[in-house]
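Read through the structure below, which is laid out as structure tokens, and then see the notes.
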Amino acid sequence: MVVITVVIVLGISLTSGLTNTRDLLIDKAATAMESAENDLTELLNPAAYQTQYIAKLIGEGKLDVNNQDQLRDYLLAAVAGTPQISTLSFVGPTLQGMASSRDSQNIITFDESRDPVARLAIREISNRKKGSWGQLIYVPTLQETILSFREPIIQDGQFIGALIATITVTTVNNRMNAAQSLTNGKRFILYGQDHVLLQQGISRPASGLSVDNVVPKLEEVDDPVLRKIWSEERENLDLLGDSTAFESHYLEVEDEGYIFIYKQLDGYSDKTFTIGYWIRDEDISTELRRLAVAGIAGLVIMLLSALVAIVIGRRISRPVLMLSDASRQISNLDFQAVKSLPRSRFTEVNEANDAYNAMLRGLTWFETYVPKSLVRKLMESGEANSEERIVTVMFTDITGFTPQAEGMKTEEVANFLNHHFELITSCIEAEGGTVDKFIGDAVMAFWGAPEIQEDHAARACRAAMAIKEAIIADNKKRREEGLTEVHMRIGIHTGPLVVGNIGSAGRLNYTVVGDTVNTAQRMEQHGKTLSPDQKEEVFILMTDATYKAAPDINATKIGDYQLKGRQDPVTIYQLT
């Protein structure tokens, strides 16, 4: 019975191993095809998105095509911000317009009204409701073939022109050749069935191109394997099964076997792109044979060690699983909910449990002094190297706290501040902010680091309004309890700062340093000048830099004021 069982297990294990290897090959091929498709679409799509965005601005009247200077600036900025774009052109209905060129870094004006091909092209674009990629075009002056995305511009129901973005085939080749590809595979992209857009390792423009022959024909390329891709001698590849992620076939070229995997991609030209790889059959079959031999040897060794492993494994698996579960809970940074591990009869497990328990005690104290939210952000974003970044800084301060605290006991002061800080920090963290430090009764916080937040100014403003609502609600309770109301000042400023780990090797703080911090603190202090009696429960001031960075926030301009330490007046707004 033991022999029969071992034979059955060996047979099942070997079959399963080979099946898993086959599945891994399929997954690897599918991943490679998906990666190849993503490499191409991630190159082309941004050019289309940039073109559509500018066309939308024109259509909505936010960008006036009759304002030549404004249009020129937008075209130049679009090319600068989208490196793959070679030229971006605006063409009016009369075929007059201007184009920004990456090579010249300048604006070119043109008049194609006498060109019948151009008239036909603009008519075709005007009949479309949305943008599309056109056919490949060979440009003799560039000796280069380009891809073009054409976006019609509709304003008040009327066609007023088009935006055309071009990308050279050389750019596509360079980007695709620089991307990671399938090991031992040769990547290619076909234009239609019989033309070659890209061959791995070849980035220079092909010779012999013309208006009628925009990319090399399949039979013209110097790759004998790729030339035979559609040979009638090709065979379906049973090894890779009926995958829906790609197609595949097997072909012999000069007495050597090759495997082709490929998929079709529509919507980026007038013809379908075929993206794929060819791989030598030997590279795959050798790996299969090696895996099969290794699998058999591994199964034999596994049987010899199984008896010992079963006995020992059952005894040590339970404490190991407990350690694993406890470690997983640690990753959630909820140290209070994690329990200490018990002692074990196994020395190694017991030492691991003791080390874990010591770590847990240290982390529990660590949690008291380092904000959990900051630790989690640093874990997600990686090492916090010092760098300059645009951030928004907030300072809060309690109005008249010093005389108020003089009439309170030490314990009452501590309880009051803890409750106050809990209100403030919860509002800050709800908007993704980082509490930097507590300074007496003041709080300093910032947005835009360690994680990048494009709307950091708006987040800070929303947090300030949330603090205001929280203080108003808390004051209502204080009045009901016969306690004195809490009044606050808040200052907000947006600007460049150095962010990261600041300090010595033995004592680091993740903080922000720079004049922006000083300005934010002076904004809070300036509230004393603007509202000396401060009838408002929360008086919020922000600079024009924050106001411009958060245009959707409701704020009232107070005026221009000279702040301490600033040469120029600062425009101040009150957040309402």
Q.
Looking at the structure I just gave you, is ARG102 on the phi < 0 side of the Ramachandran plot, in contact with a Leu (Cβ under 7 Å, 6 or more places away or on another chain) and not polar (S, T, N, Q)?
A. no
Q) Quick check: anything in the range 260-272 at pLDDT below 90, under 21 Å from MET33 (Cα atoms), small (Gly, Ala, Ser) and within 37 Å of the chain's Cα centre (by Cα)? A) no
(Q) Regarding the range 148-161, can at least one residue be identified that is charged (D, E, K, R), closer than 23 Å to ASP223 by Cα, touching a residue at least 40 places away in the same chain (Cβ under 8 Å) and not in a helix (DSSP H, G or I)? (A) no
Q | Selected residue (only one of ALA470, ALA457, ALA430, ALA463 is out of contact with any Cys (no Cβ under 9 Å at 6 or more places or on another chain) and surrounded by 14 or more Cβ atoms within 10 Å (Cβ to Cβ)) | A | ALA457
Q: Being farther than 23 Å from SER210 by Cα and of a type in the set (Ser, Thr, Tyr) narrows it down to one of THR141, THR109, so name that one.
A: THR109
**Q.** Among the candidates VAL486, VAL512, residue that is buried (at least 20 other Cβ atoms within 10 Å of the Cβ) and in a loop (DSSP other than H, G, I, E, B)
**A.** VAL486
Q.
Can you find a residue that is part of a helix (DSSP H, G or I) and either in contact with a Lys or Arg (Cβ under 8 Å, 6 or more places away or on another chain) or of a type in the set (Phe, Trp, Tyr) (or both) anywhere in the range 489-502?
A. no
**Q.** Criterion: charged (D, E, K, R) and without any contact (Cβ under 8 Å) to a residue 60 or more places away in the chain - qualifying residue of ASP552, ASP560
**A.** ASP560
Q) Among the residues of the range 65-93, which ones are more than 15 Å from TYR53 (Cβ to Cβ) and loosely packed, with under 12 Cβ neighbours inside 10 Å? A) ASN66, ASN67, ASP69
Q: Output the number of residues of the range 553-571 satisfying the condition of being buried (at least 17 other Cβ atoms within 10 Å of the Cβ) and either at pLDDT below 90 or within 17 Å of MET465 (Cα to Cα) (or both).
A: 3
Q: Identify all residues within the range 126-154 that are closer than 13 Å to PRO93 by Cβ and modelled with pLDDT under 90; write none if there are none.
A: SER126, ASN127
Q: For the range 468-494, name all the residues that are β-branched (Val, Ile, Thr) and either under 20 Å from LEU530 (Cα atoms) or touching a Phe, Trp or Tyr at 6+ places or on another chain (Cβ under 7 Å) (or both).
A: VAL486, ILE490, ILE492
(Q) Cβ contacts < 7 Å: first residue more than 14 Å from ALA36 (Cα to Cα), restricted to the range 185-200; second residue charged (D, E, K, R) and assigned to a loop (DSSP other than H, G, I, E, B), any location; separation 6+ or different chain. Result? (A) TYR191/LYS271; GLY192/LYS271
Q: Restricting attention to the range 422-461, report how many residues are within 24 Å of the chain's Cα centre (by Cα) and assigned to a helix (DSSP H, G or I).
A: 8
Q) Are any of the residues in the range 224-235 under 32 Å from the mean Cα position of the chain (by Cα), surrounded by fewer than 20 Cβ atoms within 10 Å (Cβ to Cβ) and basic (Lys, Arg)? A) no
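The values are calculated or read from the model by the stated rules, or taken from the named source; none is laboratory data. Note that this is a predicted model, so its numbers are computed, not measured. Positions of Cβ are backbone-derived with ideal geometry, glycine not excepted, and every protein chain shown enters the neighbour counts.
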